[in-house]
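Beneath this line is the structure, given in structure tokens, with notes to follow.
The values are calculated or read from the model by the stated rules, or taken from the named source; none is laboratory data. Keep in mind that what you see is a predicted model, and the values were worked out from it rather than measured. Cβ placement follows ideal geometry from the backbone for every residue including glycine, while neighbour counts extend to all protein chains displayed.
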Amino acid sequence: MTTTIILLLLVFGVYLVAVLEAWISSGRFRLTTPILSGIALLGRESIVPRKPDRIFFEVAPVLLLLSAVLAATVIPLMPGLIITDLATGALFINAALVYVLVAMLMAGWGPDGAYAMVGGWRFLGQLIAYAMLIVMPITAVVMRAESLLTTQIVVSQDGLWNIFYQPLGFVLFFIAAMALAFLPPFDLPTATGELAGGVEAEYSGVRLAVFRLGRLTLIITLASATVVFYLGGWQGPWLPPWAWSGIKILAVTVTMLLAGRLMPRISETDLLAWCWKLGIPLALLNIFLVGILVLVIP
Amino acid sequence: MISGARLGKLSGLRRLVATAISRDLTTFVIPGPDIARAHGLDLAAAGLQIVASPRHASVLLVVGDIPLALHDAATVIYAQMVRPRALFILGTEIFSSLPDADIMSRLSQDGLIDGVQQLRTAFAEGAFRLDVADFDAPALQIRIEYTCSMHPEIALNEPGSCPKCGMTLIIRETQASTGRAHTKQKNVDVSVDEQMATGNEHNAHHHMSDAAKVEFTCPMHPEVVQDAPGSCPRCGMNLEPRETKTEHTHDHSQMNHDAAVQYTCPMHPEVVQDGPGSCPRCGMNLEPREITESETNEHSGMDHDSTDHSDMDHGDMAFMSMIDVTKNLPRSTDGLPMEWTEAPFGPFFPGLPGGLMLTLTLDGDTVADSKTQPLFENKELLPQVSPDIVNFIQQITRFGPLSPVAFQLLACQALENAAGLEISANVASARIGALEQERIANHLGWLALFAQQTGFNWLQRRAASLQLKFCLADMQQIATLAADIQSLIKRLGKTPLLKSRTVGIGKLASDSNLRGPVARASGVANDVRSTDKNYIALGFEAVSQTQGDAYARLQVRLAEIIHSLKLIQVSGAIERPTPADTGEISATGEASVETPRGMAHLELTLQKGQVIAARLETPSTYHLDLIKPLTEQQALADALVAIGSLDLSPWEVQSREIQT
């Protein structure tokens, strides 16, 4: 029952993200756009390129969707509304999302095309770097909660959300989440103007639909994770807990979508340099600071 | 009804799908969205959604005349689109290799909107059909040749080793229509990045020639041979195609007779039928499979065993030695051997000017080499140029579809010079108004293209919409738009990452061959306007920068926009140049105009009021040669920014002698 509710909410969330994304990128607010595009994609042919690595090509979109959905299983939307409250929940999110990298690499390799290949390899560097920035801020969050349970992490933020308790960690996690979901300005693997769609370029019809569905799910999952780790999850006054979760997730999603619109795509050199030279030392500093706070504030 | 309908009966659920497709018109534009904007077309307002990959498009929109050199590429793009697909042509004749246009309309915003209406109806009623014709064209034929990875100019029909360096030749596929013997025609699918080199229709028949057949073999284990692609049972590598001649003793007609094509589902091999269609189990398109007598022949006719074995005899080696695998690969400057990939970045690449025929050789994410081709052969337009003055001017403007006013002015001034006419100061200053208006629109269009390339969504939309409004604006509207443009430029100064994407990219030393904003960004004060007395009267000052990189070129263009706004305000009038009546004179004349891309120069000879010879020099000609030095050993993204910052117009690349 819980599973069904969460999956339905996920579908609704994906729909909202699609509406928002279309609105932000085209300037037109239409509730029907994603539905029409989805049906249209199903009605178009789905072509397999000439010399594909067939298994990689077929598996990649499904794997992308699967890893995003898997990560969503440990996200609590309100007390009791969680698919599985794993004892290692906080780590599980990271573990599930690593398959995004595998999926993207497969999607890049599978079609045997130069644009896709460059896109896939770009994402390899991008995610190896930014997976560190996902897991290190989570470590600091877990230190405060003294538990890997995602529900416990939400409870631990009672009174003071992590965004105020460890703002540095929030900033790093937020940026890393955008890089993981390859949202602009981190859309290196799918860059339209540089790679004509990159890893997406060879997908069409139903496979493209699954790929895009996977990407939208990934965005909503990462926004939910940000809310759980830093924005106090379902907590908030007056409104019921589920409403707070919904509002916060939507707000984070909108911020993620809007931010990239206002700047050019980051160059790969900067992307990697900033992560390894700046992001990771800062993440270590964040762990250190939170460690002191945990010791000082009982 | 559309020619590119998908196979199926239009009923029930399919009707719903067809309606959805008719409301979701994903469009691939050729020659490019930049040309569409220069013609004043607002595609988004008309309901077309521009996509970057032909795989995602259901409408191919052709804007204006397409030069001969682009016909094949356009055909390949059409073949890459998935069904249902339609061809929508604005303001030009249909060209040979594409099917008949589904919708034709006028080259104007009204024409576009009309056409989109018809297109929606056509999709809703004809997206699925029971009689679907295959699409085939000469441009889609593939020929296999053998080439050296170090010397791409080597192209042999047989495998072997390179006559220059002795390396083993590798397989390369090229377009068959370029003509050489030993062609093998097969109709299969092409990946998007093969769009220019090769091309093919995705679900058509295999037309194997009678003497050749493709097998798949492992690059490490040549004894592994099979008929379908897959992976090597020994090492798991992907099998690669190679061409094998069937035994020469075979009677060719006999071979042909024995060959049969059957269609099978890639997911359900037990589904086999004689014609194309979709799988009754999963609905996927059936793929052709050829069954020939030679399949049972144990490949006795393989004609390149020797090379394969002598070079790669690894026997039963369990692991791949990197030294062996990479020993023949080209080396990058960092010494790492890598496989180099040649990929087209034009003529219809989303982030570069439409019509720019560019191929980059990629060494990983680095550009190892680049190749460009001119859009026009030197003499291609000769027969069309008319000696009649009015027509002549019209044709000159077609050399610069991105800046027609500047070229019209050029032609008019050359004529006036020949006739010895002096134009009044009022007219001259109104012409300056028109020229500067076009310069602003052109620079805004360049900004939109640059933003598209670098994924700067806000700037792309803002600059494009300002460009469209600005093209048509009168003096009053320009005053209101000026505020918008200034706030856009101000905002660009505060944009994060913009500097890091452009500073130090595409650095050019000052060089007297540079033209226009590119020259002025490198500190070369090369501007026709600074010597023009009419401009000086309006208070013209040349803008210049010294760094010579992409950032400096961006800054020069932004400063020019602001300065041009000022010039328009001072001149107070806008009037497009019209040719004066020169009468039946015989004389020679010349003129230079600072177009948005730099100085263009025209010399013409008149005889009895008819143009008998002309010579046109355009600014992009020299800039095209800069692509190679600017991109070599640069990261792909930086190389593209460098190319983009030149603001090339492939339409005017070629100085030509024009004969009438």
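Can you pull out the residues in region B:510-549 that are in a helix (DSSP H, G or I) and on the phi > 0 side of the Ramachandran plot? Spell out how you get there, then give the answer.
Taking region B:510-549 and keeping what is in a helix (DSSP H, G or I), we get B:516-521, B:528-531, B:533-537.
Across region B:510-549, the qualifying residue is only B:Gly516.
A:Lys51 passes all but one of (1) modelled with pLDDT under 90; (2) in a helix (DSSP H, G or I); (3) over 13 Å from the mean Cα position of the chain (by Cα); which number fails?
(2)
If A:Gly38 meets every condition in (1) of a type outside the set (Val, Ile, Thr); (2) out of contact with any helix residue (DSSP H, G or I) (no Cβ under 9 Å at 6 or more places or on another chain); (3) within 30 Å of A:Ala114 (Cβ to Cβ) apart from one, which number is that one?
All conditions are met except number (2).
Of all residues in region A:1-47 being touching a strand residue (DSSP E or B) at 6+ places or on another chain (Cβ under 9 Å) and closer than 18 Å to A:Thr253 by Cα, which is nearest to the other protein chains (Cβ to nearest Cβ)?
Per the criteria, the residue is A:Ser26.
Listed residues A:Leu284, A:Leu278; which is without any contact (Cβ under 8 Å) to a residue 60 or more places away in the chain, surrounded by fewer than 22 Cβ atoms within 10 Å (Cβ to Cβ) and either more than 10 Å from every other protein chain (Cβ to nearest Cβ) or of a type outside the set (D, E, K, R) (or both)? Break it down stepwise before answering.
Values: A:Leu284 fails: without any contact (Cβ under 8 Å) to a residue 60 or more places away in the chain.
That would be A:Leu278, the only listed residue that is without any contact (Cβ under 8 Å) to a residue 60 or more places away in the chain, surrounded by fewer than 22 Cβ atoms within 10 Å (Cβ to Cβ) and either more than 10 Å from every other protein chain (Cβ to nearest Cβ) or of a type outside the set (D, E, K, R) (or both).
When only residues in region B:58-76 that are in a loop (DSSP other than H, G, I, E, B) and in contact (Cβ under 8 Å) with a residue 40 or more places away in the chain count, which is nearest to B:Ser105 (Cα to Cα)? Let's see the steps before the verdict.
Our first condition is that a residue be in a loop (DSSP other than H, G, I, E, B); within region B:58-76, this holds for B:58, B:64-67.
Restricting the remaining residues to those that are in contact (Cβ under 8 Å) with a residue 40 or more places away in the chain gives B:58, B:64-65, B:67.
Details: B:Ser58: 18, B:Gly64: 11, B:Asp65: 13, B:Pro67: 19 Å.
Looking at the filtered set, the residue picked out is B:Gly64.
So, B:Thr546, is that one within 30 Å of B:Leu630 (Cβ to Cβ), free of Cβ contacts under 8 Å to residues at least 12 places away in the same chain and assigned by TED's automatic domain parsing to the domain that holds B:Asp474 or not? Write out each step before concluding.
Details: within 30 Å of B:Leu630 (Cβ to Cβ): yes; free of Cβ contacts under 8 Å to residues at least 12 places away in the same chain: no; assigned by TED's automatic domain parsing to the domain that holds B:Asp474: yes.
Considered against the rule, which asks whether it is within 30 Å of B:Leu630 (Cβ to Cβ), free of Cβ contacts under 8 Å to residues at least 12 places away in the same chain and assigned by TED's automatic domain parsing to the domain that holds B:Asp474, B:Thr546 comes out as no.
For region A:95-121, what are the residues that are buried (at least 19 other Cβ atoms within 10 Å of the Cβ), in contact (Cβ under 8 Å) with a residue 24 or more places away in the chain and out of contact with any Gly (no Cβ under 8 Å at 6 or more places or on another chain)?
Scanning region A:95-121 gives A:Ala96, A:Leu97, A:Val100, A:Leu101, A:Gly110, A:Pro111, A:Asp112, A:Gly113.
Exactly one of these conditions fails for A:Val59: (1) out of contact with any Gly (no Cβ under 7 Å at 6 or more places or on another chain); (2) facing chain B (nearest Cβ under 10 Å); (3) over 20 Å from B:Val82 (Cα atoms). Give me its number.
Against the list (1) out of contact with any Gly (no Cβ under 7 Å at 6 or more places or on another chain); (2) facing chain B (nearest Cβ under 10 Å); (3) over 20 Å from B:Val82 (Cα atoms), A:Val59 comes up short only on (2).
Which of the residues that make up region B:486-509 are more than 21 Å from B:Gly644 (Cβ to Cβ) and not in a helix (DSSP H, G or I)? Reasoning before the result, please.
Here is the first cut: in region B:486-509, the residues more than 21 Å from B:Gly644 (Cβ to Cβ) are B:486-487, B:490, B:494.
Selection gives B:Lys494 alone.
Can you tell me which residue in region B:418-447 is modelled with the lowest pLDDT, limited to those that are in contact with a Leu (Cβ under 9 Å, 6 or more places away or on another chain) and polar (S, T, N, Q)?
B:Ser429
I'm checking my understanding of the structure. Among residues of region A:62-82 that are assigned to a loop (DSSP other than H, G, I, E, B) and out of contact with any Pro (no Cβ under 9 Å at 6 or more places or on another chain), which one is farthest from the other protein chains (Cβ to nearest Cβ)?
Across region A:62-82, the extreme among qualifying residues is A:Gly80.
Go through region B:349-373 and count every residue that is outside any strand (DSSP E or B), modelled with pLDDT of 80 or more and farther than 14 Å from B:Gly644 by Cα.
In the first step, residues of region B:349-373 are kept if they are outside any strand (DSSP E or B); the result is B:349-356, B:364-365.
Among the residues that remain, those that are also modelled with pLDDT of 80 or more are: B:349-356, B:365.
Narrowing the set further to residues that are farther than 14 Å from B:Gly644 by Cα leaves B:365.
Residues meeting the conditions: 1.
Which residue pairs have Cβ atoms closer than 6 Å, lie 6 or more positions apart in sequence or on different chains, and pair a first residue in region B:104-132 that is over 22 Å from A:Ala40 (Cα atoms) with a second residue that is of a type in the set (Asp, Glu) and in a helix (DSSP H, G or I)?
Matching pairs, first to second residue: B:Ser105/B:Asp114.
Among the candidates A:Leu124, A:Leu172, A:Leu133, A:Leu160, which residue alone is among the hydrophobic types (A, V, I, L, M, F, W, C), in a helix (DSSP H, G or I) and surrounded by fewer than 18 Cβ atoms within 10 Å (Cβ to Cβ)? Spell out the reasoning first.
Details: A:Leu172 fails: surrounded by fewer than 18 Cβ atoms within 10 Å (Cβ to Cβ); A:Leu133 fails: surrounded by fewer than 18 Cβ atoms within 10 Å (Cβ to Cβ); A:Leu160 fails: in a helix (DSSP H, G or I).
Just a single option satisfies the conditions, and that option is A:Leu124.
When you go through B:Ala451, B:Ala482, B:Ala464 one by one, which is the residue that is without any contact (Cβ under 8 Å) to a residue 60 or more places away in the chain and outside the structural domain of B:Gln49 (by TED's automatic domain parsing)? So that I can check it myself, show each step before the final result.
Working: B:Ala482 fails: without any contact (Cβ under 8 Å) to a residue 60 or more places away in the chain; B:Ala464 fails: without any contact (Cβ under 8 Å) to a residue 60 or more places away in the chain.
Matching residue, one of B:Ala451, B:Ala482, B:Ala464: B:Ala451.
With the checklist (1) under 16 Å from A:Val19 (Cα atoms); (2) out of contact with any helix residue (DSSP H, G or I) (no Cβ under 7 Å at 6 or more places or on another chain) in hand, flag the one item A:Met256 doesn't pass.
Just one mismatch for A:Met256, condition (2).
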